[in-house]
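Beneath this line is the structure, given in structure tokens, with notes to follow.
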Amino acid sequence: MTKRNIVCLFLTLSTTCLFSQGYYKDIFMDGGIKLTSREDLPAARRLDLSIEHFVSGKDTDDSPLTLQDTIMQQLIFCGSEIDLNGILLYPDGQPRFRMIYVNGGKATRHGISLTEKGRSNIYTFVKKGGSYLGTCAGMFLASCGTTTDSIIPKPAYLGIWPGIAHSTRLSKTPTGHFIEPGSPILKYCDFGEDMHIDSVYHNGGGFAYEPAQLPAGTEILTRYDYEPFTKDSLSIHRKISGWAWKENYSTGRVILTGSHPESYTGGERLDLMSALIKYALEGNGDPVIKGEIRNGEIRHMNKSTHDSEPDFTKIGDLQYHHFTVNIPENAINIKVELKSPSIYNLNLYICKEGPAFKQSADYMNISLGGNKQINLASLPEGKWYIAVECATTVDVKESEWGEVYTGNLSVLNGVPYSLVINWDKKGKL
């Protein structure tokens with residue numbers, strides 16, 4: 001087995017080791033209005049990642065756009081009575097998926113079709129810790145605007161990467177890509193050790209526009225290898241073809257590329273898409289701490305999406321809520337108690353070293369039902385972490401638009417619960 005094969009085997013297998021608890025699924029793929037109606041993402045299958053998707057009509061004679069396409073897209077991205085927050089967000093505004101992937105197509109027209117509410121939800125998704133991967137149109141959509149001879153702001157774009165994209169003016173022509181020295185995607189694959197990927201399909205994509213000054217923190221991943229001039233004598237050779245940006249520890253990572261590595265099922269082009277996905281997923285925001293639990297004070301988590309009180313909002317399907325508690329030196333007979341409606345399964349975790357998850361908790365109660373207790377004679381003094389997990393989720397069935405939900409739909413708007421910790425003080429019984 002060659003070194004390249006060994007490295008890329010590691011790329012394939014290591015995704016399952018990523019710390020991914022606290023999300024409904026890994027990837028949501030947007031193939032909606034004016035985007036490629038893609039129903040398969042080979043790199044996601046290769047990495048054994050969970051995925052859902054939305055596709056609309058292709059706006060052709062054989063596959064026309066319909067009013068129902070618009071309605072379905074609005075329900076998914078903007079929300080509905082049964083899912084007030086939309087498919088990407090939990091009731092408290094946290095990301096429900098680890099990443100959104102946006103296909104190629106027509107960036108402006110898709111942005112308009114999302115409406116201001118849909119665009120706002122994607123913006124919130126990234127700002128709250130969900131990552132974004134966009135190819136071609138998905139790359140343009142993430143930016144603040146485009147440029148040819150002058151910079152053109154695009155109100156229908158997302159602005160989740162605060163930079164400007166320039167069109168390559170190159171259609172239906174493959175290009176090569178040089179891996180930038182020190183590029184973070186090299187930790188997943190060496191790409192044959194020549195720092196180059198050959199013949200990636202390209203159809204109207206763009207590059208990061210450096211004269212407008214790249215936003216601070218932009219990481220260059222790849223550059224174009226294409227020496228001929230494109231339309232209007234434009235040179236794209238060694239222009240930035242792939243890049244990443246993460247605003248801070250709490251936001252998701254945005255990864256953009258002007259070409260189309262998403263459809264390949266083998267070779268270095270599949271390696272490239274796999275590496276982009278892995279780097280995006282590793283860029284999820286840190287877990288959010290809802291607040292501190294104090295001795296004897298009941299924490300009621302019963303607010304809804306529209307109350308705009310995320311620290312007290314109900315929990316979503318497969319979501320975790322995290323809290324801290326400061327245990328004094330003389331605390332004994334410690335009892336942590338969780339109460340919620342019996343039709344849901346909620347789990348309770350305690351951890352010393354950081355936010356509590358099933359894989360890392362020091363103590364847990366994962367019995368069935370919504371009411372749980374953890375009773376401990378004592379704990380070492382200091383900060384501890386408590387987490388509540390909603391183990392109840394929806395059922396899924398396939399439709400012509402992608403996955404639709406059935407079963408216990410009420411979980412989409414959140415499960416209310418209360419949480420309390422009590423302890424006695426040694427010598428004061």
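The values are calculated or read from the model by the stated rules, or taken from the named source; none is laboratory data. Remember, predicted model here, so these are calculated numbers, not experimental data. Using ideal geometry, Cβ is built from the backbone for each residue, glycine included, and neighbour counts are taken over all protein chains shown.
The criterion of at least 2 residues that are surrounded by 15 or more Cβ atoms within 10 Å (Cβ to Cβ) is met, among strands (runs of 3 or more DSSP E) falling completely within segment 123-232, by 131-135, 145-147, 164-167, 175-179, 196-200, 206-208, 219-225. Return yes when Tyr320 is surrounded by 16 or more Cβ atoms within 10 Å (Cβ to Cβ), under 30 Å from Arg46 (Cβ atoms) and not hydrophobic (A, V, I, L, M, F, W, C) and no when it is not. Taking the combined requirement at face value, the residue satisfies it.
If I go through segment 240-275 residue by residue, how many of them are over 16 Å from Tyr209 (Cα atoms) and outside any strand (DSSP E or B)? Counting residues in segment 240-275 that are over 16 Å from Tyr209 (Cα atoms) and outside any strand (DSSP E or B) gives 22.
When restricted to residues that are among the hydroxyl-bearing types (Ser, Thr, Tyr) and in contact with a helix residue (DSSP H, G or I) (Cβ under 9 Å, 6 or more places away or on another chain), segment 57-82 contains 2. Annotation note: of Asp317, Asp362, Asp307, the sole residue that is within 20 Å of Trp423 (Cα to Cα) and assigned by TED's automatic domain parsing to the domain that holds Ser410 is Asp362. Looking at Thr70 and the list (1) under 16 Å from Ile33 (Cα atoms); (2) in contact with a His (Cβ under 8 Å, 6 or more places away or on another chain); (3) surrounded by fewer than 21 Cβ atoms within 10 Å (Cβ to Cβ), which single condition is not satisfied? It fails just one condition, (2). Within segment 215-250, which residues are without any contact (Cβ under 8 Å) to a residue 60 or more places away in the chain and more than 27 Å from the chain's Cα centre (by Cα)? Asp225, Tyr226, Glu227, Pro228, Phe229, Ser233, Ser235, His237, listed by residue number. Considered as a group, the residues in segment 396-429 that are acidic (Asp, Glu) and in a strand (DSSP E or B) include one that is surrounded by the most Cβ atoms within 10 Å (Cβ to Cβ), and that residue is Glu403.
For (1) in contact with a strand residue (DSSP E or B) (Cβ under 7 Å, 6 or more places away or on another chain); (2) hydrophobic (A, V, I, L, M, F, W, C); (3) modelled with pLDDT under 95, each residue gets a yes or a no:
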site	(1), (2), (3)
Tyr349	yes, no, no
Gly370	yes, no, no
Trp384	yes, yes, no
Ala391	yes, yes, no
Glu400	no, no, yes
Leu409	no, yes, no
Gly414	yes, no, no
Trp423	yes, yes, no
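Listed here are the residues, each with its yes/no results for (1) modelled with pLDDT under 95; (2) surrounded by fewer than 19 Cβ atoms within 10 Å (Cβ to Cβ).
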residue: Arg4; (1), (2): yes, yes
residue: Phe10; (1), (2): yes, yes
residue: Ile27; (1), (2): no, no
residue: Asp30; (1), (2): no, no
residue: Leu35; (1), (2): no, no
residue: Thr60; (1), (2): yes, yes
residue: Pro64; (1), (2): yes, yes
residue: Leu84; (1), (2): no, yes
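Restricting segment 86-112 to residues that are on the phi > 0 side of the Ramachandran plot and not in a strand (DSSP E or B) leaves a set whose member that is surrounded by the fewest Cβ atoms within 10 Å (Cβ to Cβ) is Gly93.
Considering segment 256-312, the residues that are farther than 30 Å from Ala137 by Cα and touching an Asp or Glu at 6+ places or on another chain (Cβ under 7 Å) include one that is surrounded by the fewest Cβ atoms within 10 Å (Cβ to Cβ), namely Gly291.
Being in a helix (DSSP H, G or I), at positive phi and without any contact (Cβ under 8 Å) to a residue 60 or more places away in the chain is a property that holds for Thr115.
Whenever a residue of segment 355-368 is surrounded by fewer than 18 Cβ atoms within 10 Å (Cβ to Cβ), its partners that are of a type in the set (Phe, Trp, Tyr), lying with C-beta atoms within less than 7 angstrom and at least six residues away or across chains, give the pairs Lys358/Tyr349.
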